[in-house]
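Beneath this line is the structure, given in structure tokens, with notes to follow.
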Protein chains: 4
Amino acid sequence: MLQQNPVFIPGPTNIPDRLRRAMDQASWDHRAPDFPAFFHPLLDDLKSVFKTQMGEVLIFPSSGTGGLEASIVNTLSPGDKVLAASYGMFSQRWIEICRRFQIEVEVIDVEWGEAAPVDQFERVLASDSQHEIKAVLVTQNETATGVETNIASVREAMNRSNHPALLCVDGVSAIASVDFRMDEWGVDLAVAGSQKGFMLNTGLALVGVSQKALAAGKQAKLPRCYFDFVDMIAANKVGSFPFTAPVSLIYGLRESINMLQEEGLDNVFERHQRIAQGVRQAVEAWGLTLCGKNPALYSKTVSAIYVPDGFNSDTLVELAYKKYSVSYGLGLGKVAGRVFRIGHVGMMTDAMALSGIATIEMVMKDLDYPIELGSGVAAAQKFYRQSA
Amino acid sequence: MLQQNPVFIPGPTNIPDRLRRAMDQASWDHRAPDFPAFFHPLLDDLKSVFKTQMGEVLIFPSSGTGGLEASIVNTLSPGDKVLAASYGMFSQRWIEICRRFQIEVEVIDVEWGEAAPVDQFERVLASDSQHEIKAVLVTQNETATGVETNIASVREAMNRSNHPALLCVDGVSAIASVDFRMDEWGVDLAVAGSQKGFMLNTGLALVGVSQKALAAGKQAKLPRCYFDFVDMIAANKVGSFPFTAPVSLIYGLRESINMLQEEGLDNVFERHQRIAQGVRQAVEAWGLTLCGKNPALYSKTVSAIYVPDGFNSDTLVELAYKKYSVSYGLGLGKVAGRVFRIGHVGMMTDAMALSGIATIEMVMKDLDYPIELGSGVAAAQKFYRQSA
Amino acid sequence: MLQQNPVFIPGPTNIPDRLRRAMDQASWDHRAPDFPAFFHPLLDDLKSVFKTQMGEVLIFPSSGTGGLEASIVNTLSPGDKVLAASYGMFSQRWIEICRRFQIEVEVIDVEWGEAAPVDQFERVLASDSQHEIKAVLVTQNETATGVETNIASVREAMNRSNHPALLCVDGVSAIASVDFRMDEWGVDLAVAGSQKGFMLNTGLALVGVSQKALAAGKQAKLPRCYFDFVDMIAANKVGSFPFTAPVSLIYGLRESINMLQEEGLDNVFERHQRIAQGVRQAVEAWGLTLCGKNPALYSKTVSAIYVPDGFNSDTLVELAYKKYSVSYGLGLGKVAGRVFRIGHVGMMTDAMALSGIATIEMVMKDLDYPIELGSGVAAAQKFYRQSA
Amino acid sequence: MLQQNPVFIPGPTNIPDRLRRAMDQASWDHRAPDFPAFFHPLLDDLKSVFKTQMGEVLIFPSSGTGGLEASIVNTLSPGDKVLAASYGMFSQRWIEICRRFQIEVEVIDVEWGEAAPVDQFERVLASDSQHEIKAVLVTQNETATGVETNIASVREAMNRSNHPALLCVDGVSAIASVDFRMDEWGVDLAVAGSQKGFMLNTGLALVGVSQKALAAGKQAKLPRCYFDFVDMIAANKVGSFPFTAPVSLIYGLRESINMLQEEGLDNVFERHQRIAQGVRQAVEAWGLTLCGKNPALYSKTVSAIYVPDGFNSDTLVELAYKKYSVSYGLGLGKVAGRVFRIGHVGMMTDAMALSGIATIEMVMKDLDYPIELGSGVAAAQKFYRQSA
């Protein structure tokens, strides 16, 4: 196809050239004597992105899903109970992973479009006087609905109920794009993925692990090997991996963190927020609504947008790809067919965002949506120019 | 800068990834025994892009300007007279090149925004009964004003006046993007550049040479060496160059022609025309006017747009770059400050074009231009959707 | 470091430029409508590399170790018994993986340098009249000792003892480099890695699964999710992945298989054998011995070489890196300090192999090994020139 | 071809990955407001490589030959006389360029293998009391014969004869690889090429110009435009080019100079000398002789080696390519068929050099040269190990 349009899926992101170059390297021996001197500072800097000094951040060659599994198998035992809410495809996936490993999940079902139910969490935890609940699972950014949960408030609820459960956060589509503070928020397990805020190829799960989670691991009876934290930490300590290191992605991660540090994490977060706000202005101008129940919940990395009644979002996304060669996110799970998603995670500029807004406008018009061409673009332009 | 926006300059174009990969090669010995078997078919295919079977197309490591110089020094002698019109920066540049080489140029001054004056050419040629005029120089696409001259009509005028002068065409921002027929139109010298329709890095001048031009070269007394056609043809014949071959760009040229052939030249031309039309719809919606005097003259590779009275286009282009990291073309020469240019040569998609239109709209609004945000985008969207 | 020497580690290999380019791609939506049309033929071609028509080959984003784990957790239950031999670091690793998952491993300890003990396997299997042994694990190419086991002979032993156990092969440093015939040899589980014979970056485990293994999976009680075969097969069927697809490596795999097919698998195997033979000639000329007990066992992808008594191979490998910037494999496990390894898997030419031989000669001389400079090179040259 | 061997031609060199990445960039507007801030320091640093503070260094998109032409057309007039020696293909080429431009060349013919004849230069200059000779042309490193001329001694000869001629140096295969001091040696014109010591793709001629040469240019009557120094200097002053800038190569040049500065020019020179010495040791071990008449003349960037009587070096070079996919330099001009060349300019390591020596040894043996396999390698190894 004679094209190279940006993608508007919620990850993998558009990969900056600088990172493509960083990943495109000749083979380097991951057991070379100078590998540790390269690798140890990288681990330190990775910890600073997770904002942890006391914990560890581990790098697994796998997709983000592998990281979610790792967090479970390293800390829990069959029959253990965890608390989680189902409020979208990805929060639901984590629940299913747990069940595969014979973890009992107390699930709070929440309408899609809501965040994790902090009040209900608090009630459940407060009534769990035996502390049977070993962990609370939260998806910081529910990519299916474009909803962000305030992790600090979950921590506060846990504190108020004085509950010792681990706080486990699926930060795959959040970390390195939106505010995340592992130590300050008392997060025990935090999972990120190379293909989101780190803007790299898919292939690394990055797992933050607190000392408390490591301690819990000593009693954890679920079998594990590939994703074993203890093996990984021991190997990392001497500057190596328990298996062949994914060198290309590690080079990429080095450069990705360089970019994040040069821009400053706060500026990165603000940039994501700003791009997202422009998209939301467009949605409002179209007369459409976001999946998120209220503006405080809107995700900074993906906007999930309801199509009007009588329209099918699958058709919309497919036509965008076939007619204009531009990719948007499909609706998933409960909102399949009813929602399409504009991803804006990672390196996204005003000009790129506007091309995504403008193109989907054309597709909506092609399908006789009751919107006005240029209306969303104009609304986004107005916001971008004033905030630039 | 944390960005990778497309550029909207009239070349160098946005380079397709496929061509970046083709140019990114390890060293290959340009004197290797298998180089000729690679190179000869490439030259043949290059001729098919110029639509010549009888002529040659030569590849010089230089910018396009070097190709214009090559066409002069290989065919003319000091004191020779040529006919040319000045209707923009680049037609004027060729006149100046001639003068550097003591060529007498009969210049027809034309208002910028007009094409080459075919009628006046015909009158001058008809009155040149001694055939003192050795060559007629025409810039097919005047990049400064966004105006295309109909080369076939120049040939017809020359035929009607029965004049034997060489027909020399600056096709730098035209060839491989718009229709060009070297043999059919009787073009004797045709200059293209790697960084325009071929979508490569800057660095190659591609020069089409007819047998008539080669014959003229035998009497041409201007000194030459680097750009000598005879040396180049002799070396090419045995599959080599008279000097070190620019191998990276030659690999790129191979792949570029592959892409052009896969898409089909007619489809390539139509794609350029279609993208250009969308931009023109935007200009009209803004209430602005193109530099070209009438629609038949509008360039398919670049749109030169007058800013309203009282505004300075330099400020516009500079702010676009500084505030939004997007590059547009400045006004040049006589229209400096009064014109900005949106380049749409090479690999440009609807989504990319819309981002260029949307961004410059923001900049115009930032500078209080009397335009409506989204208006140009809407007009372009309407055209693109209906024609896609 | 001002260098770009080839590596002589037994994987990751030197990555051909063609594959680096193939992996260096802009983001493509792995859920795009045309992904299945790209992906399904790739899976078919991958099966042809494994030489299976009846089985499946699954692609997991993980290192090869992940693939070994996948083969266990998808087919066995806690307390199941498997038969394996320990004859090097990697055969031992698989045993340890099993134990992590509460699999009882009947281990036959073999001297390092020997292959898997087919006769003993046969005896054990023959005496297992209750068929308590659920699987036989074999490492085709033991990378630590440079020893290859004849998989066909293992199958024959199993057939002779009429034993229904699954035949599981760690082919990480073998498949796509040496002969492997999944269907013909009745292999039930076969694990390969992207960074060896496929010459790609580390990051994919490729797992061949027979119908018999899939059937066994229905009773397998080990918990699994990320590495679940059934999830993967279901997703693959509709052209997708159960999680984010590692698109860069998948592009690379497509091109890697193109290269293998263009060269022809038999030619690929012969090339590996030929390069290995040259290295062995050098070893003989040095008066050193290979770790493998007899020539029939010598690996075609890595040569493990004993250093003379009184020397430490760690020092050798470290000096090669520090003084000449060339990487060789360390001795691992039982032969740490006593063996160094020259990897020759993947794209390796005569010229490259000779530079590896020549450089390690210098290092040996630097450390006062009793060898003659140039002797190994001369022996390898003699072989390469005659066999080229 | 399934290979990626280094090349052993005397340029284009093996391109370091770091420079390939630097040249592989998305389009950047060469007229962008921030281009000058990037470009001016680059010009300054380029001057430091030429070791000039008082002169200018100009960057022309062309091969090195274009730079040689530029030095002539900018400083001389038709009928002017220059002094030059013919001692190889490239010194002869410059003479021919002069003649194309009606420059009278007083040629001193020297046996190939000798350097420029400083004594004879001095005699001729001393006897030119009318100062009819306007320039002295010297090829610092004659690539055809692998002979280096001491430029300082030429300057001294000119000083002794008190002659005001310009000193013009073809430094294409020398500058950035061997010592060069433009100001200290009073060099007026110095030509380098991107594909030699700068290790980039072919496509830039770098021309050092002294103030004296610029002053001479004011009287120079040869016509010029593309290569005009005055145009280039004027454009550079405001951070631009007189035509489209070759941005990819300019990025590459920036990174190339970074690499030279990081290593230190003196270390770069010493590295070239050291690699060359190893090659010479091999030549001696083979019982062959270099083209250069005595060791003081031997080039540090290329070794030209006589084949024994009765052998044809063309056959040798061709077989090396066809059988082993390794490129060496052919014999050129007077030594065609009698000499082959091992290029060692740019990024060349011990391991790479040894692979080049080892491979050509095999080819010589294939063709029944009276040499011993491994002998040259052993000699080079001995030298490299001791000097590393």
Worksheet item: Would you pick out the residues in region A:31-59 that are surrounded by fewer than 22 Cβ atoms within 10 Å (Cβ to Cβ) and within 24 Å of D:R21 (Cβ to Cβ)?
Response: A:A32, A:D34, A:F35, A:A37, A:F38, A:F39, A:P41, A:L42, A:D45
Discussion item. Against the condition surrounded by fewer than 24 Cβ atoms within 10 Å (Cβ to Cβ) and without any contact (Cβ under 8 Å) to a residue 12 or more places away in the chain, how does B:S129 come out, does it pass?
Written reply: yes
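Among the residues of region A:44-62, is any in a strand (DSSP E or B), facing another protein chain (nearest Cβ under 7 Å) and modelled with pLDDT of 95 or more? Walk me through it before giving the result.
As a first pass, look at region A:44-62 and keep what is in a strand (DSSP E or B): A:56-61.
Remaining after also requiring facing another protein chain (nearest Cβ under 7 Å): A:61.
Pick out the ones that are also modelled with pLDDT of 95 or more and you get A:61.
Yes, region A:44-62 contains a residue that is in a strand (DSSP E or B), facing another protein chain (nearest Cβ under 7 Å) and modelled with pLDDT of 95 or more.
Does A:A234 satisfy being without any contact (Cβ under 8 Å) to a residue 60 or more places away in the chain and either assigned to a helix (DSSP H, G or I) or crowded, with 17+ Cβ neighbours inside 10 Å (or both)?
Working: without any contact (Cβ under 8 Å) to a residue 60 or more places away in the chain: yes; either assigned to a helix (DSSP H, G or I) or crowded, with 17+ Cβ neighbours inside 10 Å (or both): yes.
When the stated conditions are applied, A:A234 passes them.
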Worksheet item: Any idea which of (1) farther than 18 Å from A:V302 by Cα; (2) open to solvent by less than 20 Å² (accessible area, probe 1.4 Å); (3) within 10 Å of chain C (Cβ to nearest Cβ) is the one A:A190 doesn't satisfy?
Response: (3)
Worksheet item: Among (1) touching a residue at least 12 places away in the same chain (Cβ under 8 Å); (2) open to solvent by 10 Å² or more (accessible area, probe 1.4 Å), which single condition is C:V339 missing?
Response: (2)
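Looking only at residues in region B:156-193 that are polar (S, T, N, Q) and over 10 Å from the mean Cα position of the chain (by Cα), which one is nearest to B:R274 (Cα to Cα)? Write out each step before concluding.
In the first step, residues of region B:156-193 are kept if they are polar (S, T, N, Q); the result is B:159, B:161-162, B:173, B:177.
From what is left, the residues that are over 10 Å from the mean Cα position of the chain (by Cα) are B:159, B:161-162.
Details: B:N159: 32, B:S161: 36, B:N162: 37 Å.
Looking at the filtered set, the residue picked out is B:N159.
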Discussion item. Of the residues A:T149, A:T139, only one is under 23 Å from A:D228 (Cα atoms), open to solvent by less than 10 Å² (accessible area, probe 1.4 Å), touching a residue at least 12 places away in the same chain (Cβ under 8 Å) and among the hydroxyl-bearing types (S, T, Y); which?
Written reply: A:T139
Item to complete: For region A:253-309, name all the residues that are charged (D, E, K, R) and part of a helix (DSSP H, G or I).
Response: A:R254, A:E255, A:E262, A:E263, A:D266, A:E270, A:R271, A:R274, A:R280, A:E284
Worksheet entry | Members of region A:237-267 that are under 27 Å from C:F227 (Cα atoms), open to solvent by 20 Å² or more (accessible area, probe 1.4 Å) and β-branched (V, I, T) | A:T244
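Somewhere in region B:153-168, is a residue in contact with a Phe, Trp or Tyr (Cβ under 6 Å, 6 or more places away or on another chain) and either touching a residue at least 60 places away in the same chain (Cβ under 8 Å) or surrounded by 24 or more Cβ atoms within 10 Å (Cβ to Cβ) (or both)?
Restricting attention to region B:153-168, the residues satisfying the condition of being in contact with a Phe, Trp or Tyr (Cβ under 6 Å, 6 or more places away or on another chain) are B:155, B:157.
From what's left, either touching a residue at least 60 places away in the same chain (Cβ under 8 Å) or surrounded by 24 or more Cβ atoms within 10 Å (Cβ to Cβ) (or both): none.
No: zero hits.
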Worksheet item: Going through region B:69-93 one residue at a time, which ones are open to solvent by less than 10 Å² (accessible area, probe 1.4 Å) and aromatic (F, W, Y)?
Response: B:Y87
Worksheet entry | So D:Y328, is it aromatic (F, W, Y), open to solvent by less than 10 Å² (accessible area, probe 1.4 Å) and more than 10 Å from chain C (Cβ to nearest Cβ) | yes
Item to complete: Evaluate the following for A:T139: is it over 20 Å from A:L58 (Cβ atoms) and away from every other protein chain (no Cβ under 13 Å)?
Response: no
Worksheet, complete the sentence: Pairing a residue in region D:8-34 that is more than 7 Å from every other protein chain (Cβ to nearest Cβ) with any residue that is in a loop (DSSP other than H, G, I, E, B) and among the aromatic types (F, W, Y), where Cβ atoms lie under 9 Å and the two sit 6 or more apart in sequence or on different chains, gives D:L19/D:F198; D:H30/D:F241
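From A:M362, A:M347, which residue is part of a loop (DSSP other than H, G, I, E, B) and either closer than 30 Å to B:S327 by Cα or touching a Leu at 6+ places or on another chain (Cβ under 8 Å) (or both)? Before you say what the answer is, go through the steps one by one.
Values: A:M362 fails: part of a loop (DSSP other than H, G, I, E, B).
Within the list A:M362, A:M347, the selection yields A:M347.
Suppose we keep only residues that are assigned to a loop (DSSP other than H, G, I, E, B) and in contact (Cβ under 8 Å) with a residue 40 or more places away in the chain within region C:310-325. Which one would you say is most open to solvent (accessible area, probe 1.4 Å)?
Step one: list which residues in region C:310-325 are assigned to a loop (DSSP other than H, G, I, E, B), which gives C:310-312, C:325.
Next, only the ones that are in contact (Cβ under 8 Å) with a residue 40 or more places away in the chain stay: C:311, C:325.
On the way: C:F311: 62, C:S325: 21 Å².
Going through the qualifying residues, I end up with C:F311.
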Worksheet item: Among the listed residues A:V124, A:V178, which satisfies the condition of being open to solvent by 10 Å² or more (accessible area, probe 1.4 Å) and either over 30 Å from A:M347 (Cα atoms) or among the aliphatic types (A, V, I, L, M) (or both)?
Response: A:V124
Worksheet item: What are the residues in region D:366-388 that are surrounded by fewer than 19 Cβ atoms within 10 Å (Cβ to Cβ), within 8 Å of another protein chain (Cβ to nearest Cβ) and in contact with a helix residue (DSSP H, G or I) (Cβ under 6 Å, 6 or more places away or on another chain), if any?
Response: D:D366, D:A388
Response to the item:
Pairing a residue in region A:91-108 that is on the phi > 0 side of the Ramachandran plot with any residue that is of a type outside the set (D, E), where Cβ atoms lie under 9 Å and the two sit 6 or more apart in sequence or on different chains, gives A:Q102/A:S77; A:Q102/A:P78; A:Q102/A:G79; A:Q102/A:L222; A:Q102/C:P223
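Looking at this structure, is A:S173 hydroxyl-bearing (S, T, Y), open to solvent by less than 10 Å² (accessible area, probe 1.4 Å), at pLDDT 95 or above and in contact with a Pro (Cβ under 8 Å, 6 or more places away or on another chain)?
Details: hydroxyl-bearing (S, T, Y): yes; open to solvent by less than 10 Å² (accessible area, probe 1.4 Å): yes; at pLDDT 95 or above: yes; in contact with a Pro (Cβ under 8 Å, 6 or more places away or on another chain): yes.
The answer is yes for A:S173.
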Worksheet item: Mind checking which residues of region B:250-297 are touching a Pro at 6+ places or on another chain (Cβ under 8 Å) and within 12 Å of another protein chain (Cβ to nearest Cβ)?
Response: B:M259
Discussion item. Looking at the structure I just gave you, is D:S303 away from chain C (no Cβ under 14 Å), more than 19 Å from C:E372 (Cβ to Cβ) and not aliphatic (A, V, I, L, M)?
Written reply: yes
Worksheet item: Hey, among the residues in region A:210-228 that are in a loop (DSSP other than H, G, I, E, B) and among the charged types (D, E, K, R), which one's least open to solvent (accessible area, probe 1.4 Å)?
Response: A:D228
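With respect to A:G66, is the statement that it is at positive phi, surrounded by 23 or more Cβ atoms within 10 Å (Cβ to Cβ) and either more than 14 Å from chain C (Cβ to nearest Cβ) or not basic (K, R) (or both) true? Can you show your working first?
Values: at positive phi: no; surrounded by 23 or more Cβ atoms within 10 Å (Cβ to Cβ): yes; either more than 14 Å from chain C (Cβ to nearest Cβ) or not basic (K, R) (or both): yes.
Considered against the rule, which asks whether it is at positive phi, surrounded by 23 or more Cβ atoms within 10 Å (Cβ to Cβ) and either more than 14 Å from chain C (Cβ to nearest Cβ) or not basic (K, R) (or both), A:G66 comes out as no.
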Worksheet, complete the sentence: When region D:94-113 is checked residue by residue, the ones that are open to solvent by 50 Å² or more (accessible area, probe 1.4 Å) and either within 19 Å of D:S299 (Cα to Cα) or modelled with pLDDT under 95 (or both) are D:E111
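The values are calculated or read from the model by the stated rules, or taken from the named source; none is laboratory data. For clarity, every value in this text was computed on a predicted model and none was experimentally measured. With ideal geometry, Cβ positions are generated from the backbone for all residues, glycine too; neighbour counts draw on all protein chains shown. What goes into the accessible areas is simple: the full protein's heavy atoms, side chains included, and nothing from ligands, DNA or RNA. Shrake-Rupley method; radii C 1.70, N 1.55, O 1.52, S 1.80 Å.
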